[in-house]
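Shown next, in structure tokens, is the structure this report addresses.
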Amino acid sequence: GLGFNIVGGTDQQYIANDNSIYVSWIKKDGAAYLDGRLQEGDKILAINGKELKDLRHRDAVELFRNAGCYVSLKIQRRLQPQNGPVSHQGDGESGGLPLAAILVPGLALAATAVWILLRYRQRM
């Protein structure tokens, strides 16, 4: 996976009267954690150019599951003032979040090593 969980949607509002999708948890050593740009509490506005407006939670999850190897997220950073409610500011673009950019080369290298090992064993 992408290494993070989401909450929200029209059927599971995370914030009252807000159908948006939010990052609830980032897996340590997962792709999002290693990339370092995504933060817990960030509001995800779009994935790969597809806006996440007025979606049910499970439909948003499906978009993430089918996102492919390279993922671009448009996010809104969550700011938490010292004395006051949590608010959102800006319409910040993450600049494209290639979350799998770290994983794909590593998996390709591992697969190549396994293939070479199996070929070597066949010749023995």
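The values are calculated or read from the model by the stated rules, or taken from the named source; none is laboratory data. Keep in mind that what you see is a predicted model, and the values were worked out from it rather than measured. Heads up, the Cβs are rebuilt from the backbone with ideal geometry, glycines too, and the neighbour counts pull from every protein chain shown. Note: areas computed on protein heavy atoms with side chains; ligands, DNA, RNA excluded. Shrake-Rupley method; radii C 1.70, N 1.55, O 1.52, S 1.80 Å.
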Dmax and Rg, reported as Rg then Dmax, of the range 4-76 (C-alpha, Å): 11.5, 33
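Looking at the range 4-76, how many pairs of lysines come closer than 18 Å at the Cα, when each pair is eight or more places apart or spans two chains? Before the final figure, lay out the partial values.
Numbers: 27/43; 43/53; 43/74; 50/74; 53/74.
Final tally of qualifying lysine pairs is 5.
Carbon and sulfur: what percent of the range 4-76's accessible surface (1.4 Å probe)? Walk me through the numbers on the way to the answer.
Working: 1790 of 4100 Å².
Here it works out to 44 percent.
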Sticking with the crude label model, points 7 Å out along Cα→Cβ, report the distance from residue 18 to residue 59 in nm, one decimal please. 2.1 nm
Table column - 3J(HN,Hα) (Hz), the range 59-70, Karplus curve with 6.51, -1.76, 1.60, x for Gly and Pro: 5, 5, 4, 4, 4, 5, 5, 9, 6, x, 6, 10
Find the accessible area per residue for the range 4-76; the probe is 1.4 Å, ligands and nucleic acids are left out, and the unit is Å². 56 Å²
Taking amide H positions as placed 1.01 Å from N in the peptide plane, with prolines and chain starts having none, which residues 5 or more places from residue 55, or on another chain, fall under 5 Å of its amide H? 10
